[in-house]
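Here is the structure we will look at, set down as structure tokens.
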Amino acid sequence: MGADGPLARTLAALPLVDHHCHGVVTAGLDRAGFESLLTEGAAWPGVSPFDTPVGVAVRRHCAPLLDLPRHAPAEEYVDRRAGLGAAEVNRRLLSAAGTEVFCVDTGFGPDGLTTAGQLAEAAGAGAVAYEVVRLEGVAEAVATAGVEPDEYAGVFESAAWAAVRRPGVVAVKSVAAYRTGFDLDPARPTDAEVTGAAGRWLARGGGRLADPVLMRHLLWTAVGLGLPLQLHTGFGDNDIRLHRSDPTHLTDWLHLTSGTVPVMLLHCWPYQRQAAYLAAVFEQVYLDVGLALHHVGPGRARAVLAEATEITPFRKLLYSSDAYGVAEFHLLGALAFRRGLAALLQERVDSDELSLPDALRIARWAGRDNARRVYRFTDDT
């Protein structure tokens, strides 16, 4: 059966819940601008991001949706994209992704990205979007507004509560992996420690939050907010120190926070096996392999998903694209997830390690139902 079997058909038709993503640009892009968004690194002289697995996947899978032949040359792709205009490109690619729910991290990116609502509108077909609040942005806004060191903890907590009470907010997020790494003291910092760290940070003019004590305070504040907590782990741009983003550094903190809020490990590559271990031994831990899937391309997504699901409980795997900037990533993330998971589950069915009804249920769980269970979406959220 394979690509034409019930698993492939089910996943191809399944309306996905993308539990972590970003907006896309609303202005036209020249080649340099488009290439800058194709990579987590940089567009170096003489090295085009089109000459990467994700660049090849764009030309293979996105080009036909823009009325181009498969594998259209890069220059033709960019020219056609510009000719159609950003709104039409976004409409075509987002609608083809087949995502019905977007959970949008609105805390990163310049002006000119779609809002959560605009992203869902471009996707069409009744798609809806919710917001994920990035807590480092809340803390940095508190510092910018002005606060005394001994008042910082309370003001930040109040600001965080105000942020999550806005309509449409379903989760919070931290980018501690970028700022400090996860190899932090897991204990909740004392009031005196927070005041001292805030004093040092504010004396430097605030700005980018990267103090280990204040990051610990942020993570513990997040637990108290009661919403799912998303944590970037693993793969990211060159601002990250990859070895410090291994989620197993969180083990002691997860012990201390057991029974509190769901902890959503985002992306994870190349630590998908470590994330799977944590999901297998901690009730509150969930994972996805977003971002990596469109960078490895549909052809290798199965391998990444296979490692992520070796020991992960089936109710703990979610879908995310982590698409940012260009709608191509929303399309490629969904395509890679659908095809990769279908191939993986089909192999297990063919070897009689999994029944077809079980495989179909797992497919629906991972693509949609697990996220709905954790985030508890409601029409009036």
Let's test the formula: R0 of 56 Å, r as the Cβ-Cβ distance of residue 203 and residue 351. What FRET efficiency results, to the nearest 0.05? 0.35
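Mind listing which trypsin sites (Lys or Arg not before Pro) in the range 309-381 are in a DSSP loop and have 16 or fewer other Cβ atoms within 10 Å?
376
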What is the Cα convex hull volume of the range 29-84 when expressed per residue in Å³? 71
Given H placed 1.01 Å from N in the peptide plane, which residues other than close sequence neighbours of residue 173 have an amide H under 5 Å from its amide H? 133, 134, 135, 230
Correct option for semi-axes √(5λ) of the Cα gyration tensor in Å [calculated from the coordinates] among (i) 109, 30, 19; (ii) 34, 25, 19; (iii) 35, 22, 19: (ii)
Quick calc: nm separation of the 7 Å Cα→Cβ label points for residue 158 and residue 237 -> 3.4
What length, rounded to one decimal in nm, is gained on full extension from residue 44 through to residue 87, with 0.36 nm per residue of separation minus their alpha-carbon distance? 12.7 nm
At residue 76 and residue 166, where each label point lies 7 Å from the Cα along Cα→Cβ, what is the point-to-point distance in nanometres? 4.3
For the range 108-190, which trypsin sites (Lys or Arg not before Pro) are both in a DSSP coil and crowded by at most 11 other Cβ atoms within 10 Å? 165
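Enumerate by residue number the chymotrypsin sites (Phe, Trp or Tyr not before Pro) in the range 205-279 meeting two conditions: DSSP loop (anything except H, G, I, E, B), and at most 12 other Cβ atoms within 10 Å of the site's Cβ.
none
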Pop out the ³J(HN,Hα) list for the range 231-244 in order, Karplus 6.51 cos²θ - 1.76 cosθ + 1.60 with θ = phi - 60°, rounded to Hz; leave Gly and Pro as x. 10, 5, 9, x, 3, x, 6, 6, 6, 8, 9, 4, 5, 8
Which distance in Å, rounded to a whole number, links the C-alpha centroids of the range 304-371 and the range 221-258? 22
Identify the residues of the range 245-281 with backbone N under 18 Å of a label point that sits 7 angstrom from the Cα of residue 183 along the Cα-to-Cβ direction, or state none. 245-254, 270-271, 274-275
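None of the figures in this text is laboratory data; all of them are computed from the coordinates on show. Only a predicted model underlies this, so the values are computations on that prediction, with no experimental measurement involved. Counting neighbours? That spans all protein chains shown, and the Cβs are built from the backbone with ideal geometry, glycine included.
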